[in-house]
1. Need pairs with beta-carbon distance below 6 Å; first residue more than 13 Å from residue 58 (Cβ to Cβ) and polar (S, T, N, Q) and within the range 103-127, second modelled with pLDDT of 90 or more and not in a loop (DSSP other than H, G, I, E, B); sequence gap 6+ or separate chains.
2. Consider the range 12-47. How many of its residues are in a loop (DSSP other than H, G, I, E, B), under 23 Å from residue 59 (Cβ atoms) and among the hydrophobic types (A, V, I, L, M, F, W, C)?
3. May I ask you to verify whether residue 54 is at pLDDT below 95 and not hydrophobic (A, V, I, L, M, F, W, C)?
4. Looking at the range 100-111, which of its residues are surrounded by fewer than 17 Cβ atoms within 10 Å (Cβ to Cβ) and modelled with pLDDT of 95 or more?
5. Assess whether residue 106 counts as being closer than 29 Å to residue 9 by Cα and not in a strand (DSSP E or B).
6. Could you check how many residues of the range 1-22 are loosely packed, with under 14 Cβ neighbours inside 10 Å and within 16 Å of residue 70 (Cβ to Cβ)?
7. In the range 54-96, how many residues are more than 11 Å from the chain's Cα centre (by Cα) and in a helix (DSSP H, G or I)?
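The values are calculated or read from the model by the stated rules, or taken from the named source; none is laboratory data. Since the model is a prediction, treat every value here as computed from it, not as a measurement. All Cβ positions, even for glycine, are placed from backbone atoms using ideal geometry, and neighbour counts span all protein chains on display.
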Amino acid sequence: GDSVKMAAEGNTEAGFPGKLDKLRGIAAIYPNYIQIVASQESGIKTLADLKGKSLSVGAPASGTELNARAIFAAAGLKYEDLGRVEYLPFAESVELIKNRQLDATLQSAGLGVASIRDLATSVPINV
């Protein structure tokens, strides 16, 4: 979806140096949902609550990270508004939240993804 569109447009911020005019989408494989999950202890319940907090946004320039940038732009937020931005895999983000070293994670994944289930069974969370 979003990554294919950015590739076709040659979105340099997403890592595509030029338009890919011959790129064609055939089908969507499975739906992903953007899920922002925080420990209840963090006090995060809204996007605005992320100000000054630590958040993992996935690998740099990944679909997940690009979704994070788009969501923040729509909400009038920038990475600079956060206390710390991490570029971590889902499982590592969850471990840091469980160990109180990270406040929240943004994950673009199917509903019921193992990393979020693991977190939800370990600490109280807000989604």
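1. Once the first residue is more than 13 Å from residue 58 (Cβ to Cβ) and polar (S, T, N, Q) and sits in the range 103-127, its partners that are modelled with pLDDT of 90 or more and not in a loop (DSSP other than H, G, I, E, B) give 122/98; 126/38; 126/40.
2. Here is the first cut: in the range 12-47, the ones in a loop (DSSP other than H, G, I, E, B) are 15-32, 43-46.
If we keep only those that are under 23 Å from residue 59 (Cβ atoms) as well, we get 15-18, 20, 23, 25, 28-32, 44.
Going one step further and asking which of them are among the hydrophobic types (A, V, I, L, M, F, W, C), we end up with 16, 20, 23, 28-29, 44.
The total comes to 6.
3. Values: at pLDDT below 95: no; not hydrophobic (A, V, I, L, M, F, W, C): yes.
The answer is no for residue 54.
4. Here is the first cut: in the range 100-111, the residues surrounded by fewer than 17 Cβ atoms within 10 Å (Cβ to Cβ) are 100-101, 110-111.
100, 101 - these are the residues of the range 100-111 that are surrounded by fewer than 17 Cβ atoms within 10 Å (Cβ to Cβ) and modelled with pLDDT of 95 or more.
5. Criteria not met by residue 106.
6. 5
7. Residues of the range 54-96 that are more than 11 Å from the chain's Cα centre (by Cα), as a first pass: 54, 73-84, 91-92, 94-96.
Still in the list and also in a helix (DSSP H, G or I): 73-74, 79-81, 91-92, 94-96.
Total meeting the criteria: 10.
One line per residue, one yes/no per condition, for (1) modelled with pLDDT of 95 or more; (2) surrounded by 12 or more Cβ atoms within 10 Å (Cβ to Cβ); (3) in contact with a strand residue (DSSP E or B) (Cβ under 9 Å, 6 or more places away or on another chain):
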| position | (1), (2), (3) |
| --- | --- |
| 40 | yes, no, yes |
| 47 | yes, yes, yes |
| 50 | yes, yes, yes |
| 81 | yes, yes, yes |
| 92 | yes, yes, yes |
| 98 | yes, yes, yes |
| 113 | no, yes, yes |
